[in-house]
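Down below is the structure, laid out as structure tokens.
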Amino acid sequence: MLTPSERRQALEDRYPAWRPMTISQALDRVVAEFPERPLIITDRGEYSYREVQRWSRELAAGLIAEGVGPGDHVALVLGNFPAYVALKYAISRIGAVAVPINYLLRRQELSYILEQSDSTVLILMDQLRDRDYLDDLDAIIPDWEAHGGRSHLPKLRRVFVHPVEGALRPGTPGLERLLGRVSADIAKELARRESGGDPHFRADVIYTSGTTGLPKGVMLTHDMVLRAAYASAYTRAFEDGRRIMFSLPMHHVFGYVECLIASTFVGGAIIPQVVFDAEKMVRGAEQHCASELVCVPMMTLKLLEVIRARGFDSSSLVAMFNSGGISPPSIWQDIRSLMDAREVFTAYGMTETTASTTCTLPDGSDSLLLTTNGRFKSAGVAGDAALRGTLAQYKAIDPVTGADLPRGTAGELMARGPIVTNGYYKKPDETAAAFDKDGWLHTGDIGVIDEQDNLILTGRLKETYRCGGETVMPKEIEDLLNEHPRVAQAFAVGIPDPKMGEIGCICVVPASDARPEPEELIRMCEVRLARFKVPRHVVFIEAQDLPLTATGKLQRFRLVEIARQRLATLSTEMAQSSRTVNSLHASGRT
């Protein structure tokens, strides 16, 4: 096995200079070098680089035949299927823009994004687990099969459905309708668009929760995605042909940029999982010779449970990338001892920075895994000389005065660089609020930057929290619960959790002495919100006990501490009550 330095040098030998390209042009470059290597590996078979190229070109021709033009938005509601990969490259080929949508979102959330994004075509799966997406579409757009979005979504012209299992319901336009549409004129138009693609135009609009309560579409260009992916391959020192296994959805930058696109720079492969199943993932890693596993902490802990019980053949495993949430300190040693991972990573980033912008190093000290979120990522030939070869730099500011703070002092983290988005799609006010006058992005996170460029997260200024790797926007929950007649005010906060990273807790100020039932509030959320947004706990608080600033603003970080204390007290009381009952039963008293 080559050393990390030797692997980085091999990567730079393959890419001696950075040349901006579109995402599909980058794929075609790899096809020329490794046409028969697998790009996608599944339990049902493999898809080579050449096969994905051909598939994406045929889909691209179909989209052109359907009238999709350069700059048009194509929405995707798909799991980690091979078709998702082919469609991403197809959309790139024709100069259109992908709008990947979180498939956990409910009808109202999906409808909002389809409208706000100006999507002209929607491609979605018919079902996943117990979710019927065609039922959702029927509720949003009656008669969508024949008439597209109609008056409900006037810009949405066509919908195509990817069948997950078995046949589609009668009358449903399947994804196969995009195939077999190549004509001489379409082939000529496709070739023109492929060669003339603009690397600095939007490749994706990826929606993330916003502090206003409505999702915001982060705009990412082709060059941003490719630079960020190359930096990941360079920092993590990919060997030739690295195989990355993950169940992180590719509608997130973690699965999309850090896994799919990054793997292609070394002619590697992805082993995507549609649904996370720890037992299946461990077996699959052995069967398909995965060289890297990429997980959020919740997934990593479940993998470790399975491996502890059954063992693990780690002969092919090089690295474990565990990031995207709060990790218990013991996790790193367990990864080393149970998985036998030679290299272990954690990182920090956000959709607005295209991917992770800091990362620990494969040849770095394990102590940094416990104390930091990694250092600013070097990007080799893709780096910015003005940023000392990185693609994003950070500073900390005083969250009240906005003044720059010295290294080693906690403050709000600000970011800038060539992979930091220039804003949110059709949201000028939110874009203006996200940046300062010098172009630095407000991350909303509190952290420290040390003298070695390591970043240490210490808290959150922003309202959002992350549950199982998914970002949750509290205002969406709060607006829903404030509709309840017995709720005067509701505040949703994230509470640290060893498995999920953070879990939701609703802090409720009752409207009267008659408190709402906690189960009723949770049920309201279950009906209207995606599963990862549904809080697990409810605590009641009086209005006078809310932690407010001098100007009357809620101090959410203090509310988190209040909620944690009350939940801990409740847990202790319940445990004591249980011991008392058990003692009474043991003594024969009731």
Single unsatisfied condition, Arg29 versus (1) in a helix (DSSP H, G or I); (2) within 20 Å of Gly174 (Cβ to Cβ); (3) without any contact (Cβ under 8 Å) to a residue 40 or more places away in the chain:
(2)
Would it be correct to say that Ala379 is touching a residue at least 40 places away in the same chain (Cβ under 8 Å), over 27 Å from Ala26 (Cα atoms) and over 19 Å from the mean Cα position of the chain (by Cα)?
no
Restricting attention to the range 24-50, and to residues there that are in contact with an Asp or Glu (Cβ under 9 Å, 6 or more places away or on another chain) and buried (at least 17 other Cβ atoms within 10 Å of the Cβ), which single residue is farthest from Val159 (Cα to Cα)?
Pro38
Where the second residue is not in a helix (DSSP H, G or I) and the first is at pLDDT below 95 and lies in the range 11-26, which pairs have Cβ atoms under 8 Å and are six or more apart or on separate chains?
none
Find all pairs meeting these conditions: Cβ atoms under 6 angstrom apart; at least six residues apart or on different chains; first residue within the range 69-90 and at negative phi; second residue part of a helix (DSSP H, G or I) and of a type in the set (Phe, Trp, Tyr).
Leu78/Tyr84; Ala86/Trp55
Among the residues of the range 461-471, is there at least one that is of a type outside the set (Gly, Ala, Ser), crowded, with 17+ Cβ neighbours inside 10 Å and more than 19 Å from the chain's Cα centre (by Cα)?
no
Answer yes if at least one residue in the range 324-332 is more than 25 Å from the chain's Cα centre (by Cα), in contact (Cβ under 8 Å) with a residue 12 or more places away in the chain and either surrounded by 18 or more Cβ atoms within 10 Å (Cβ to Cβ) or on the phi < 0 side of the Ramachandran plot (or both), and no otherwise.
no
Could you say which residue among Ala65, Ala83, Ala61 is farther than 21 Å from His200 by Cα, within 20 Å of the chain's Cα centre (by Cα) and either surrounded by fewer than 24 Cβ atoms within 10 Å (Cβ to Cβ) or of a type in the set (S, T, N, Q) (or both)?
Ala83
Those residues of the range 391-436 which are among the aromatic types (Phe, Trp, Tyr) and part of a loop (DSSP other than H, G, I, E, B) amount to Tyr425
Taking the range 178-222 as the search range and keeping residues that are surrounded by fewer than 23 Cβ atoms within 10 Å (Cβ to Cβ) and among the acidic types (Asp, Glu), which one is nearest to the chain's Cα centre (by Cα)?
Asp198
Look through the range 155-177, keep the residues that are assigned to a loop (DSSP other than H, G, I, E, B) and among the aliphatic types (A, V, I, L, M), and return whichever of them is surrounded by the most Cβ atoms within 10 Å (Cβ to Cβ).
Leu156
Out of the range 86-118, which residues are assigned to a helix (DSSP H, G or I), farther than 21 Å from Glu176 by Cβ, within 17 Å of the chain's Cα centre (by Cα) and modelled with pLDDT of 95 or more?
Ile113
What do you reckon, is Ile261 under 24 Å from Glu58 (Cβ atoms), touching a residue at least 24 places away in the same chain (Cβ under 8 Å) and among the β-branched types (Val, Ile, Thr)?
yes
Options Arg181, Arg169, Arg106: the member that is charged (D, E, K, R), more than 29 Å from Leu220 (Cα to Cα) and in contact with a Leu (Cβ under 7 Å, 6 or more places away or on another chain):
Arg169
Checking Glu239 against (1) part of a helix (DSSP H, G or I); (2) surrounded by fewer than 24 Cβ atoms within 10 Å (Cβ to Cβ); (3) in contact with a helix residue (DSSP H, G or I) (Cβ under 8 Å, 6 or more places away or on another chain); (4) of a type in the set (D, E, K, R): exactly one of these is not met. Which one?
(1)
Looking only at the range 125-140, decide whether some residue is surrounded by 15 or more Cβ atoms within 10 Å (Cβ to Cβ), over 24 Å from the mean Cα position of the chain (by Cα) and not in a helix (DSSP H, G or I).
no
Criterion violated by Leu301 - all others in (1) within 29 Å of Leu387 (Cβ to Cβ); (2) at pLDDT below 95; (3) surrounded by fewer than 23 Cβ atoms within 10 Å (Cβ to Cβ) satisfied
(1)
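The values are calculated or read from the model by the stated rules, or taken from the named source; none is laboratory data. All values derive from a computational prediction rather than experimental measurement. A quick note on method: Cβ atoms are made from the backbone with ideal geometry, for glycine too, and the neighbour counts reach across all protein chains shown.
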